[in-house]
Amino acid sequence: MGERFGNRVVTAEQMKSFESSFIANHGISSALLMEHAALAVVKEAGNAKRVLILVGAGKNGGDAVAAGRLLLGHGVSCDFMTFYFDQNCRELTEQWELLQSYGFPYEVYNHTANLPEYGKYDLIIDGIFGIGLNRNVSGEIKHVFDRINRLANRPRVLAIDMPSGVDATCGKVLGSALRADVTVTFSYRKSGLLLYPGRKYAGKVIVAEIGLPEIDDNPEYVTFDSVSDCRIPERRPDGNKGSFGKISLVAGCDSMPGAATFAAKAMYRSGAGLVRVISTKGALNVLHVNCPEAVSVTREEVYPLDNPFEGFDDVIVIGPGLGTDTEAERLLDIAIQYGKRLVIDADALNILAARLDRMSKDPEHRLNLLNDWLPDDTIITPHPGEMSRLLNISVAELKEDPLVLAKMIRKYCEFVWVWKDACSMVIGRNGFYLNHSGNEAMATAGSGDVLAGVCGAMAATDLTMEQAASTAVFIHGLAGDYCRERLGSYGTMAGDIADAVGMVLK
C-alpha cells in the first residue's frame, strides 16, 4: 500500500503470469518448481501411513504425483485416483513416467469407475484443480467431493495450492468443493484462500517457497502475518500525551451508552495520548465508570461552539452509537469540515446513506458523491449492511465477488474504505489489504466500536490512512484471536476485545 507494506497476495491470473514469466525469462525449470512443490506437500503430510492422492489433469496433478513418489520413497503406502479422461500436460506425463520407473507398488483408481474405500486412509492429498478451475464442478467429481466431505471418520485432507472446487481469486465455491484441513499454497497466498467461503474450505494455510524469486514492486493485494509487518511507529521516549494524538470521539447516546466506552478504551489500548469524548450525559456517566482516562464534554456544551473540535482535531472518530437525529447530523457536518483526519463509522454512515438516497440510486453516482463530500484523509468502516445502504447494492450482490466491487470503489474514491466482514478488506488508492486475523467470537455487539477506536489511534500516528486502517483491522482481529483462545467463541465480549488490543501490541 504505497511503499512495500505487507505480504503479497495474488489472484489466479497474477500467479499464472508470475510463474510463466519466471520460467520464460529466468531459466527456471517447471520440473524443478514441481519438485519443490512436492517436497513442501510431503513436509506437511506428517506421520501419515496410508495416503490416497487425487490427481487432476494439469500441473496440480503433476505436483500430486510427484508428492506421491516422494512419499512412496519414504515407505508410506500410497494409492492414486485420477480425475481426467484425457490429459495433455507434459509435466504430468513426465511425473507418471518417473513414478513408474521407480517400480513402487501402488493402486490407481478412476473417479468414474472403481472407487477406493476412503476410510482406510489417514490422509487424502487433493491435487485435482489447483488455481486453474474456471467452471462448475458437477457429476461424478461432485459426487466424490460430497462423499469425502460427509465421511463420519474422514481422513485428514491436504489441498495442493487450493482446495479443489474453490475459485482461487474470489473464493467462491464452483458447484462443489473438497474441504481441506490444511492447504499448502505456493509462493504467495491466493486471494481465494482469504475470502469466504474459500477460506472456510482451506483450513490451515501454509505458504511454501518453491524457488520463485520475490517480485520487487508494490503489490496490488497484501496481508499481514505478524505485528512487525504493520510497521507501527515506535513511541518516542521523550514524548508526552500530546505527542501520540489528541483525538475527538463523537459516539454514544442514552440508548447505546457502551459504544463510546468501547471505542475510547480501544484508543487508549492502541496508544492514543488523549481522548476527548463528545456524547450525551447518560453515555458519559457509563464512560466515567468504565474508562475514567477519557475526558468528556456533553453534546449540549459543544452545540454553541463554531468548532467544538479545536485542539482535539488531530483525528476525529464519529459514529459509534451516535444516533441519526439532527444533532448527530450537525456534529458529522462539523467533523467533516474541521477534522484533519476522520474515521466515520456506524450511525454516521447511516446519515450519509440517507442523504445519498435523496440524491441518487446509482451506485457509481453515489460513490462520486461520497468522494465529493469526504476529505481524502478519511477512513469509513461499513459492515455489509452499511455497505449495502451506502451503495444501494444488496448484501448478496456485495458478497458475490468482493474484489470486483472493491475495484469499482477504488475507481471513484480517494478516501479509504474498511469493508468489515469475516475477511475484512481495506480499499485504498494504492491497493487492497485482505485480513486473515480474527474469528467468529468477534461477532458480538460493540466489536465494531472497538475497531473504530483502533482505527482512530492508528490514524494519530505517522502511518498513512491506508496503512492505519490495515494495521487497525489486523490488530483488532489479533485481539479477537487472543480472546477466543482464553474465553472461547461464546464468552468473548467487546470489552474483552478492547482490553486485548494492548496485549497483542505488547
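Would you point out the residue of the range 135-154, among those that are in a loop (DSSP other than H, G, I, E, B) and charged (D, E, K, R), that is nearest to Asn60 (Cα to Cα)? Filtering first and then ranking leaves Arg135.
For the condition in a helix (DSSP H, G or I), in contact (Cβ under 8 Å) with a residue 24 or more places away in the chain and buried (at least 18 other Cβ atoms within 10 Å of the Cβ), what is the one hit in Leu193, Leu212, Leu178? Don't jump to the end; show me each part of the working.
Details: Leu212 fails: in a helix (DSSP H, G or I); Leu178 fails: in a helix (DSSP H, G or I).
One residue alone meets the criteria, Leu193.
On the basis of being surrounded by fewer than 21 Cβ atoms within 10 Å (Cβ to Cβ), in contact (Cβ under 8 Å) with a residue 60 or more places away in the chain and closer than 20 Å to Ile475 by Cβ, does Ile247 make the cut?
no
Exactly one residue out of Ala354, Ala294, Ala346 is buried (at least 22 other Cβ atoms within 10 Å of the Cβ), among the small types (Gly, Ala, Ser) and out of contact with any strand residue (DSSP E or B) (no Cβ under 8 Å at 6 or more places or on another chain), and it is Ala346. With respect to the conditions (1) without any contact (Cβ under 8 Å) to a residue 60 or more places away in the chain; (2) in a loop (DSSP other than H, G, I, E, B); (3) surrounded by 13 or more Cβ atoms within 10 Å (Cβ to Cβ), Gly132 falls short on a single one, namely (1).
Every residue in the range 196-209 that is in a loop (DSSP other than H, G, I, E, B), of a type in the set (Gly, Ala, Ser) and either outside the structural domain of Ala37 (by TED's automatic domain parsing) or farther than 14 Å from Ile160 by Cβ (or both), please. Lay out the reasoning, then the answer.
Narrowing the range 196-209 to residues in a loop (DSSP other than H, G, I, E, B): 196-197, 203, 209.
Narrowing the set further to residues that are of a type in the set (Gly, Ala, Ser) leaves 203.
Passing the criteria: none in range.
Which is crowded, with 16+ Cβ neighbours inside 10 Å, over 28 Å from the mean Cα position of the chain (by Cα) and either farther than 30 Å from Asn435 by Cβ or of a type in the set (Lys, Arg) (or both), of Leu71, Leu32, Leu98? Break it down stepwise before answering.
Values: Leu32 fails: crowded, with 16+ Cβ neighbours inside 10 Å; Leu98 fails: crowded, with 16+ Cβ neighbours inside 10 Å.
Residue meeting the stated conditions: Leu71.
Testing Ile160 on (1) free of Cβ contacts under 8 Å to residues at least 40 places away in the same chain; (2) surrounded by 13 or more Cβ atoms within 10 Å (Cβ to Cβ); (3) under 30 Å from Glu400 (Cα atoms), one condition comes back false. Which one is that? Condition not satisfied by Ile160: (1).
Candidates Ile351, Ile336: the one that is among the aliphatic types (A, V, I, L, M), in the same structural domain as Phe415 (by TED's automatic domain parsing), touching a Ser or Thr at 6+ places or on another chain (Cβ under 7 Å) and at negative phi is Ile351. Please list, ordered by residue number, the helices (runs of 4 or more DSSP H) wholly in the range 430-506 having 3 or more residues that are modelled with pLDDT under 95, touching a strand residue (DSSP E or B) at 6+ places or on another chain (Cβ under 6 Å) and not assigned by TED's automatic domain parsing to the domain that holds Gly311. Helices (runs of 4 or more DSSP H) meeting the threshold: none at all.
Applying the criterion of being of a type in the set (A, V, I, L, M, F, W, C) and in contact with a Lys or Arg (Cβ under 8 Å, 6 or more places away or on another chain) to the residues of the range 116-133, the residue that is nearest to Gly61 (Cα to Cα) is Ile131.
Take the residues of the range 459-478 that are farther than 27 Å from Ser489 by Cα and out of contact with any Lys or Arg (no Cβ under 9 Å at 6 or more places or on another chain): which is surrounded by the fewest Cβ atoms within 10 Å (Cβ to Cβ)? Across the range 459-478, the extreme among qualifying residues is Asp462.
Just one of Ala24, Ala40, Ala12 is out of contact with any Leu (no Cβ under 8 Å at 6 or more places or on another chain), on the phi < 0 side of the Ramachandran plot, surrounded by fewer than 23 Cβ atoms within 10 Å (Cβ to Cβ) and modelled with pLDDT under 95; which is it?
On the way: Ala40 fails: modelled with pLDDT under 95; Ala12 fails: modelled with pLDDT under 95.
Unique residue meeting the criteria: Ala24.
Give the residue that is nearest to Ser29 (Cα to Cα), with candidates limited to residues of the range 196-209 that are in contact with a Gly (Cβ under 7 Å, 6 or more places away or on another chain) and surrounded by fewer than 22 Cβ atoms within 10 Å (Cβ to Cβ). My answer is Arg199.
The values are calculated or read from the model by the stated rules, or taken from the named source; none is laboratory data. Source: prediction; values computed, not measured. Neighbour counts are summed over all protein chains in view; Cβ atoms, including those assigned to glycine, are modelled from backbone coordinates with ideal geometry.
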